[in-house]
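Input: a single structure, listed below in structure tokens.
Every number here is computed from the coordinates shown, using simple stated rules; none is lab data. Everything numeric in this text was worked out from a predicted model, so none of it was measured. Cβ placement follows ideal geometry from the backbone for every residue including glycine, while neighbour counts extend to all protein chains displayed.
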Amino acid sequence: MALLVLYLSYIFSFVLLTLIVQKIRKKKSYSTYNLPPGPIKLPIIGNIHNLLSSQPHKKLRDLAKKYGPLMHLQLGEVSTIIISSPECASEVMKTHDINFASRPQILATEIMSYNTTNIAFAPYGNYWRQLRKICTLELLSLKRVNSYKSIREEVFFNLVERIGSENGSVVNLTQAVISSIYTIVSRTAFGNECKDQEKFISILKQSIKVASGFNLGDLFPSSKWIQHVTGLRPKLEEFHRQTDQIVENIINEHREAKYTKAKDDQGEVEEDLVDVLLKYEDGSNQEFSLTKSNIKAIIMDIFGAGGETSASTIDWAMAEMVRDPRIMQKAKTEEEECVQEAHLV
């Protein structure tokens, strides 16, 4: 027993010494910065203790009341600026937007988005600008979005019929909306419903849950061992392995379909979003090209961000209508006008 205590003491001392050395190095690099005011920092952990709560957003609100709309927090090794006023937000997102255009890199985005080569987390630069150009001119052009109108109408008509068929029974609207949104994304992005759709959704939800909140591995990025001890890296790598296989299958299916169509000389066929991306891989576009990993990262973006955010927005909108009768009545009036104009009844 005494030997075990001694052994653990040595390990703790080594870890503590390592963190102190890293802290001293970080402090030297930050010493020349003119940082905004903020609460007193503790050794090693900085201001992590100031946010320990089940509702950290309220802790941030309370700190902002004390230190102002522009506040500095040291979260482990990560120096963080908190913006909490419209004026400061405008300075960051409009006046000096280029300086803040790149998102901070965390372990989850590094692993799940193929070393941050997707649209959402790619560093600001030529690569990101080219991706934005592809989105604007190809993936999300007005013509292409309008071409998927029939898919959207069909899926949501099916949703309404499904809810109506319940005859007053309790309906899990959140789950129904999420399923419908992902069906739309699958059919527009892949040409049909993804056969592994439910598995894909489940993995995405799990990865978001694991990556959300404060992870010690992200707050102490130089201490790689923390990512393994906490289980963060192994979990994310397993999620990535599973999603990568699904996306790999999707790409292979599109390549085979493209080869078959060319062989049978079927002429011009309708493209989905994956077909558009594959055009940038085969070298036919001399201005810009994508690797297979780049394409996978963008597909993950389309499916992940395109589904979860849209479903969450609809979910919150429905909750607001239930909570506020005035908004509910306004929505009903607009709905009746749209239905009459479209001659749906």
For region 33-100: lysine pairs under 20 Å (alpha-carbon distance), excluding those fewer than 8 apart on one chain: 5
Lys/Arg +1, Asp/Glu -1 at C-beta; region 33-100 dipole; positive extreme among 69, 39, 88: 39
Restraint check, 195/258; 149/199; 205/330; 258/279; 199/296; 209/235, Cα-Cα greater than 21 Å: 149/199; 205/330
Residues whose placed amide H lies under 5 Å from that of residue 124, excluding near-sequence neighbours: 102, 103
For region 49-65, 3J(HN,Hα) per residue [Karplus equation, 6.51 cos²θ - 1.76 cosθ + 1.60, θ = phi - 60°, Hz, x = Gly/Pro]: 5, 5, 10, 6, 6, 6, 10, x, 5, 6, 5, 5, 4, 5, 5, 5, 4
Placed amide H near residue 46: partners under 5 Å, 5+ positions off or other chain: 76
Lys, Arg +1 and Asp, Glu -1 on Cβ, resulting dipole of region 25-136 about Cα centre, debye, nearest 20: 160
Exposure proxy ranking, count of Cβ atoms within 10 Å, fewest first, for 157, 190: 157, 190
Net charge over other residues, Cβ less than 15 angstrom from the Cβ of residue 59 (K, R count +1; D, E count -1): +3
Rg ratio (alpha-carbon, reference 2.2 N^0.38 Å) - region 33-100: 1.14
Residue exposure sequence - 162, 326 - by fewest surrounding Cβ within 10 Å: 326, 162
113, 84, 202 arranged by Cβ crowding within 10 Å, fewest neighbours leading: 202, 84, 113
Three-way shape call for region 126-342 based on the alpha-carbon gyration tensor, with the a/c threshold at 1.5: oblate
